[in-house]
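Below you'll find the structure, written out as structure tokens, and then a few comments.
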Amino acid sequence: MITRLGVCSLLAGFFVGVFTGISQFMAAQNFWVDLTISKMIGEDTAESIIGGVNIAIVQDSLDFLIYETPFFCFLLGLGVLLLTIGLFLKNH
């Protein structure tokens with residue numbers, strides 16, 4: 001199941017990346033151009049997630065992940081992580 005989620009996340013990241021690249025190439029200002037996690041979940045929710053952690057290093061990492069990382073990179077990274085876990089996890 002985790003392997004399927006990883007593959008689906010990789011495919012979704014690939015297609016979102018393609019749409020983002022096409023939109024940037026065409027210089028179109030639409031939803032795909034600067035899509036980040038903060039735009040998906042909202043500014044208030046993003047601030048509450050970052051503010052809920054008291055460790056400065058983790059806050060800086062979450063800030064970079066939520067506000068600056070493109071959404072397709074997040075999906076690709078999540079897909080690689082899930083696929084790696086799924087490949088080495090035995091089904092019981």
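Expected output is a single nm value to one decimal: the length gained when fully extending between Ala56 and Ala12, i.e. 0.36 nm times separation in residues minus the C-alpha distance. What is it?
Gain in length upon complete extension: 12.7 nm.
Just need the Rg to Rh number for the chain, please, alpha carbons only, Kirkwood Rh.
Across the chain, the Cα-based Rg/Rh ratio is 1.06.
In whole Å, largest first, what are the principal axis extents of the Cα atoms in the stretch 28-75?
39, 20, 15
No lab work stands behind these numbers, since they all come straight from the coordinates. Since we're looking at a predicted model, the values are computed, not measured.
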